[in-house]
Amino acid sequence: MIKVFEELNISNAFYIPNGWRRWKEIYGSEVPISIVIREKNEFIDPELLEESKITFYLKNDEEFYILSPSGELQTIKFGQTIKNHFGTFSIVKNPAYRPVPNFTLENVPIVIAFYDPVGAGKYFSEKLNVDIVNKLASVVELSMLDEHPIKGKEILSKLIEVYNKEAEVEKNVAARNTIKFIDAQLVGLSSELDSIEKQAESYKLRNSITDVSAEAELYLSSTTINREKLSEFSIQIEVLESIEEYLTKQGNDYEMVPSTLSIQDPTLSALIAQFNQLQRERERMLRTTQPNNPIVLNINQQLTSLRGSIVENLRNIKNGLVISRDNLSATDNQFRSRAAQAPTIERELLDIGRQQGIKQQHYLLLVQKREEAVLSLAASSVNNSKVIEPPTPTDLPVNPNKKLIYAFGLIMGLAFPFGLIYLKDAWQEKIQLKTDVEKLTSTKILGEISRNKDANGMIAISKGKRTMIAEQFRFIRSNLAFTTYNKSNKVIMVTSGMSGEGKTFFSLNLAISLGLVDKKVAVLEFDLRRPAMLSSLGINVPVGLSEYLEDEQYQLDDIIHPLAMAQNVSVLGCGKIPENPAELMSGERLIRLLKELSQRFDYVIIDTAPIGLVSDSFILNEFVDVTIFMLRYNYSTKAQVKTVEDIRKHKKFKMPLIVLNDADGEMIYGYGGTYGKKYYQAK
């Protein structure tokens, strides 16, 4: 690639403006000027090359301006010598210049960039892509991305041309050097090969050898046979000695003689068989007669005689085998002595033959390589590669892909805000919308209550009042009747996960809304730890629920107080705060209290302590028909909603329902717009 840039004489790039802060490269006949390099610096720092950029402005037919990166403006004539970090050069007019459409040289700057062929070659070699078209064919596809299509085309064409030239030169040089080297080697190798062949001939004549391998094989075969026979004789001698030792050993006079399968002697076999037969006969006689029986004594004498004969026969056979073994051993020594000389002869002859073979193979290889080099040199005029399709630029730009960039920008433009919203919702632990509750639990939502903006305090609903929050309580009253249709809903317990979610406010206003439809309602302040209902209403009573549950002298009428500001509603205050609320609520008086209230009132609403803090609600659960959980927007947590779902799933409370408190006006479905504003303005 470096040679490509050197042959194309490309050491500069030219750019003209192409929009705001954008530049377009021009090349070849599109460039109105040419750079004539007078002298180039040998070592060029890439950073200094960046500083060598100059901007060309045409002044007239004879002069032009040059603006350096430092801001210095110079007036220079065409052909005048200029010097910078790149080297010494001059700028002349390009005789092959053809004007570019929509481009005039006057008042249009041309940025001239300098680069070294070595650095440019490295840069463009990294831009070059080489792909295999088919794994079964020796075809590759070359491609390159460049700003200017004609420039890229010329670089690729020149690259193929340089490649073929380099391959041809390299091939010719290698072939000639190979032939020269082989000719020098063949001269000396022929002389060495002739000398080794004469040496082998003389050695065979001196040692009277025709075929060393055949003679050595004969010696080895004879030695092997002798060793097998010697081994056989040694085994037979050991067997005979063991039988002899057995027969001469005391205590074995009347024992069977072992068989001698390896000793093929008929006399010995007959004697041993006769001896063993007499032994069996003696054993048979001893079963019915005494050892001193004449017949037994006669057999004993025969056995003694036979034992002596067997021993004598064994010794004779052993002596014969020893003699045969010694003779065979002497013969084997002769074979070994003769065979011992064969390896030395064969080794020396093999050494001569090995040298001869190496030289011969070397000679044949050199001859073959010389012929290959000659053929290669003859075929060097053929190019190393063939161009199937010449370099062709694309009709339209391929990079950057505007559609892909626009699509990516659109996707990111949508994904980024939605991602932020998703992360915000994922990290938000407080419930903010009704959908947050619906996603976490299947418990029915009885209704929503707006933020109470009435300065009058706890009472948000009364007869004839038409504010939004009053209508919401009427809506909840209707939903409660619809939800509990044909079911007992006498006793309603209102609880929450933590304090401050509006239990007392909801209990009191729900009771007032039920009283408006001529239902008698009793509201019990059963938060025995932190009572707040009567104090918020400004009511002070001496006796309450704690006194009633603790002392038998108090009757139900002593703690029932009708609410003056609402019809059909009575409140039962907490009284003094007891020391043991849980134990106090576990007595029989609580059962009697709720039973009597259920008989005297249409509804009993219990304002109890939060379930997330104390266990009072679980104690009251067995006496209630409906449980309402209060959740407050931007206050209650999603963990509390999950607790409500767990209660519903495992049926820990009867008929659980949810009321959402402290909703903004725009959060209430069905109350937005002008209709909602009219409710806010109603008096």
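The values are calculated or read from the model by the stated rules, or taken from the named source; none is laboratory data. Remember, it's a predicted structure, so these values are computed and weren't measured experimentally. Positions of Cβ are generated from backbone atoms using ideal geometry, with glycine treated the same way; all protein chains shown enter the neighbour counts. Calculation scope for accessible area: heavy atoms of the full protein, side chains included, ligands and nucleic acids excluded. Shrake-Rupley method; radii C 1.70, N 1.55, O 1.52, S 1.80 Å.
Of the numbered criteria (1) surrounded by 14 or more Cβ atoms within 10 Å (Cβ to Cβ); (2) in a helix (DSSP H, G or I); (3) modelled with pLDDT under 75; (4) not charged (D, E, K, R), the one residue 344 fails is (1).
Within region 120-143, which residues are hydrophobic (A, V, I, L, M, F, W, C), open to solvent by less than 50 Å² (accessible area, probe 1.4 Å) and within 30 Å of residue 49 (Cα to Cα)?
Across region 120-143, the qualifying residues are 120, 124, 128.
When region 381-395 is filtered for residues that are open to solvent by 80 Å² or more (accessible area, probe 1.4 Å) and modelled with pLDDT of 75 or more, the ones remaining, listed by number, are 386, 388, 389, 390, 392, 394. Against the list (1) among the small types (Gly, Ala, Ser); (2) modelled with pLDDT of 80 or more; (3) over 30 Å from residue 504 (Cα atoms), the condition residue 378 fails is (2). Just one of (1) at pLDDT below 85; (2) touching a Phe, Trp or Tyr at 6+ places or on another chain (Cβ under 9 Å); (3) among the acidic types (Asp, Glu) fails for residue 51. It is (2).
Can you pull out the strands (runs of 3 or more DSSP E) entirely within region 53-94 that have at least 3 residues that are closer than 26 Å to residue 117 by Cα and among the β-branched types (Val, Ile, Thr)? Steps first, answer last, please.
Values: elements: 54-58, 63-67, 73-77, 81-83, 87-93.
So the answer is 87-93.
Scoring residue 448 on the criteria (1) of a type outside the set (A, V, I, L, M, F, W, C); (2) more than 30 Å from residue 500 (Cβ to Cβ); (3) touching a Leu at 6+ places or on another chain (Cβ under 7 Å) leaves a single failure, condition (2).
Looking at residue 32, is it touching a Leu at 6+ places or on another chain (Cβ under 6 Å) and under 13 Å from residue 112 (Cβ atoms)? Quick ask: steps written out before the conclusion?
Numbers: touching a Leu at 6+ places or on another chain (Cβ under 6 Å): yes; under 13 Å from residue 112 (Cβ atoms): yes.
Yes.
Tell me, please, whether a residue that is of a type in the set (Asp, Glu), open to solvent by 30 Å² or more (accessible area, probe 1.4 Å), assigned to a helix (DSSP H, G or I) and farther than 24 Å from residue 126 by Cα can be found in region 22-40. Walk me through it before giving the result.
First, the residues of region 22-40 that are of a type in the set (Asp, Glu): 25, 30, 39.
When the remaining residues are screened for being open to solvent by 30 Å² or more (accessible area, probe 1.4 Å), the result is 30, 39.
Still in the running and assigned to a helix (DSSP H, G or I): 30.
Now narrow it down to the ones that are farther than 24 Å from residue 126 by Cα: 30.
There is at least one residue in region 22-40 that is of a type in the set (Asp, Glu), open to solvent by 30 Å² or more (accessible area, probe 1.4 Å), assigned to a helix (DSSP H, G or I) and farther than 24 Å from residue 126 by Cα.
Taken over region 438-457, the criterion of being part of a loop (DSSP other than H, G, I, E, B) and surrounded by 18 or more Cβ atoms within 10 Å (Cβ to Cβ) is satisfied by 441, 443, 452.
Residues are listed down the side, and each one gets a yes or a no for (1) farther than 14 Å from residue 309 by Cα; (2) touching a Gly at 6+ places or on another chain (Cβ under 8 Å); (3) at pLDDT 75 or above:
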site	(1), (2), (3)
244	no, no, no
257	no, no, no
264	yes, no, no
283	yes, no, yes
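Pull up region 191-213, narrow it to residues that are open to solvent by less than 50 Å² (accessible area, probe 1.4 Å) and assigned to a helix (DSSP H, G or I), then point me to the one that is modelled with the lowest pLDDT. Per the stated criteria, the residue is 212.
One residue stands out among those in region 130-149 that are under 16 Å from residue 395 (Cβ atoms) and free of Cβ contacts under 8 Å to residues at least 40 places away in the same chain: the one that is nearest to the chain's Cα centre (by Cα), which is 143. Being among the acidic types (Asp, Glu), in contact (Cβ under 8 Å) with a residue 12 or more places away in the chain and part of a loop (DSSP other than H, G, I, E, B) is the filter here; which residues of region 41-52 pass it? Result: 45, single match. Filtering region 145-166 to residues that are assigned to a loop (DSSP other than H, G, I, E, B) and open to solvent by 70 Å² or more (accessible area, probe 1.4 Å) leaves 145, 147. Within region 567-580, the set of residues being open to solvent by 10 Å² or more (accessible area, probe 1.4 Å) and either touching a helix residue (DSSP H, G or I) at 6+ places or on another chain (Cβ under 8 Å) or more than 30 Å from residue 513 (Cα to Cα) (or both) comprises 567, 568, 575, 576, 577, 578, 579, 580.
Inside region 590-599, can you point out the residues that are in contact (Cβ under 8 Å) with a residue 40 or more places away in the chain and open to solvent by 20 Å² or more (accessible area, probe 1.4 Å)?
Taking region 590-599 and keeping what is in contact (Cβ under 8 Å) with a residue 40 or more places away in the chain, we get 590, 593-594, 596-598.
Residues satisfying the conditions are 596, 598.
Checking each residue of region 532-548 against the condition of being among the acidic types (Asp, Glu) and open to solvent by 10 Å² or more (accessible area, probe 1.4 Å) gives at least one match.
Does region 357-369 contain any residue that is more than 30 Å from residue 202 (Cα to Cα) and either at pLDDT 75 or above or outside any helix (DSSP H, G or I) (or both)? Yes; the residues of region 357-369 include at least one that is more than 30 Å from residue 202 (Cα to Cα) and either at pLDDT 75 or above or outside any helix (DSSP H, G or I) (or both).
Taking residue 497 as the residue in question, decide whether it is under 60 Å from the mean Cα position of the chain (by Cα) and over 19 Å from residue 469 (Cβ atoms). Spell out how you get there, then give the answer.
Details: under 60 Å from the mean Cα position of the chain (by Cα): yes; over 19 Å from residue 469 (Cβ atoms): yes.
In short, yes.
Beta carbons closer than 6 Å, at least 6 apart along the sequence or on distinct chains, pair a first residue in region 1-15 that is open to solvent by 20 Å² or more (accessible area, probe 1.4 Å) with a second that is part of a loop (DSSP other than H, G, I, E, B) for 14/31.
Based on what the data block shows, is residue 359 touching a residue at least 24 places away in the same chain (Cβ under 8 Å) and over 42 Å from the mean Cα position of the chain (by Cα)?
The answer is yes for residue 359.
Wholly within region 578-635, which helices (runs of 4 or more DSSP H) include no fewer than the required count, namely at least 1 residues that are out of contact with any Asp or Glu (no Cβ under 8 Å at 6 or more places or on another chain) and farther than 16 Å from residue 527 by Cα? Please lay out each step first, then the result.
Working: elements: 581-584, 588-600, 616-620.
Counting at least 1 such residues, we get 588-600.
The single condition from (1) of a type in the set (Ser, Thr, Tyr); (2) under 60 Å from the mean Cα position of the chain (by Cα); (3) part of a loop (DSSP other than H, G, I, E, B); (4) farther than 22 Å from residue 621 by Cβ that residue 478 fails is (3).
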